[in-house]
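Reading through the structure tokens given below for one structure.
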Amino acid sequence: QVQLVESGGGLVQAGGSLRLSCAASGRTFSSYAMGWFRQAPGKEREFVAAISWSGGSTYYADSVKGRFTISRDNAKNTVYLQMNSLKPEDTAVYYCAADYFWSGSPLEYDYWGQGTQVTVSS
């Protein structure tokens, strides 16, 4: 099992940047692919980005490609989401998730953090 805790959310103006972190407990973090999802009020949870267990492969939603970067540090049991050029439509609760294989579907992930709020003002 793995427990996930997100941090780094907050309020930022459009065009600004934030870096989210997701700290994982457990000695098997490096066995898991990691994903970031987000959920805005009244909307379904949507895929943002994912990274393979080694960090060698990354995947992005079209809406964030070129603006967001996912990375991981297996020595620190942490995955990051660097968000640049933020837009008001990026406002959502951001969740990290873990599973043995990456997927763009939240249904495929077994482990979730509690989420961190990101608000982008116009």
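The values are calculated or read from the model by the stated rules, or taken from the named source; none is laboratory data. Computed from a predicted structure; not experimentally measured. In this analysis, Cβ positions are derived from the backbone assuming ideal geometry, glycine residues included, and neighbour counts consider all displayed protein chains. Heavy atoms of the whole protein, side chains included, go into the accessibility calculation; ligands, DNA and RNA do not. Shrake-Rupley method; radii C 1.70, N 1.55, O 1.52, S 1.80 Å.
Some notes on this structure:
- Scan of the stretch 15-46 for residues that are more than 14 Å from Y109 (Cβ to Cβ) and in contact with a Leu (Cβ under 6 Å, 6 or more places away or on another chain), ordered by number: G16, L20
- Looking only at the stretch 69-115, and only at residues there that are among the acidic types (D, E) and open to solvent by less than 40 Å² (accessible area, probe 1.4 Å), the one that is nearest to Q1 (Cα to Cα): D99
For (1) without any contact (Cβ under 8 Å) to a residue 12 or more places away in the chain; (2) farther than 16 Å from G35 by Cα; (3) not hydrophobic (A, V, I, L, M, F, W, C), each residue gets a yes or a no:
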| position | (1), (2), (3) |
| --- | --- |
| S71 | no, no, yes |
| T78 | no, no, yes |
| L86 | no, yes, no |
| Y100 | no, no, yes |
| E108 | yes, no, yes |
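- Unmet requirement for A49, which otherwise passes all of (1) under 18 Å from Y100 (Cα atoms); (2) touching a helix residue (DSSP H, G or I) at 6+ places or on another chain (Cβ under 7 Å): (2)
- Y60 touching a Ser or Thr at 6+ places or on another chain (Cβ under 9 Å), buried (at least 22 other Cβ atoms within 10 Å of the Cβ) and among the hydroxyl-bearing types (S, T, Y): no
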